[in-house]
Amino acid sequence: MRRIVNGEIPAKAIPWQVNLQYRSGPRCGGVLIDQTTIITAAHCIKTFKNTHQFDLNPYNYKIVFGSKYRSPKKNDLILGLDQIVPYPGFKEGNVENDIAILKIPWKHRISYNYEIQRICLPPHKNYLSIQDNSYTPPFDTKWIEDDCYISGFGAIKESKFNSVKSNTI
């Protein structure tokens, strides 16, 4: 599997990127898709590597908004979770269905600003509906030739286990 290593972007360039913290430590990145919903990888909510158990206790997680650093800074917006929903078809060791939805409480819903925005999704009348979890792309959509951008928190150099972590997106 190919990886992106040692990427760097200016601060605030990806305002939909969030940082998932687990028990006070950095765990994974995620993407803000609306005022209360974040998408991350399902493997990010497992209890430990090489286990098949999820930690679905929302009190063990925090979301850091508007920061490009793995560790929260003094003025970062940090919120807790209300609900964690892994995709039921996720199987360990397989990248298919590796997705989970994280919900923050409605009373703490995000107000967008220069540093925090929802991700830009393709416009279409059948746009992803959180209520019914359905998405039907139009038949004439040609996303294969479209540009996309990848962001996250990861390695700053190649290693056998990618154990050297980056401080920035």
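The values are calculated or read from the model by the stated rules, or taken from the named source; none is laboratory data. Values in this document were obtained by computation on a predicted structure and should not be read as measured data. A quick note on method: Cβ atoms are made from the backbone with ideal geometry, for glycine too, and the neighbour counts reach across all protein chains shown. Note: accessible area is taken over every heavy atom of the protein model, side chains too, but ligands, DNA and RNA are not part of it. Shrake-Rupley method; radii C 1.70, N 1.55, O 1.52, S 1.80 Å.
Numerical summary
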item: At 1.002 mPa s and 20 °C, Stokes D of the stretch 62-118 from Kirkwood alpha-carbon radius, µm² per second; result: 160
item: For residue 18, solvent-accessible area (1.4 Å; no DNA, RNA or ligand), Å²; result: 0
item: Two-site label geometry, residue 82 and residue 35: point separation in nm, points 7 Å out along Cα→Cβ; result: 1.1
item: Exposure of residue 47 as accessible area (Å², to 10), given a probe of 1.4 Å and all protein chains; result: 30
item: Selection of chymotrypsin sites (Phe, Trp or Tyr not before Pro), the stretch 26-105, meeting DSSP coil and at most 14 other Cβ within 10 Å; result: 48
item: Residue-span extension gain [residue 96 to residue 75] - 0.36 nm each, minus C-alpha spacing; result: 3.9 nm
item: Length added when fully stretched, residue 150-residue 114, from 0.36 nm per residue minus Cα-Cα; result: 11.0 nm
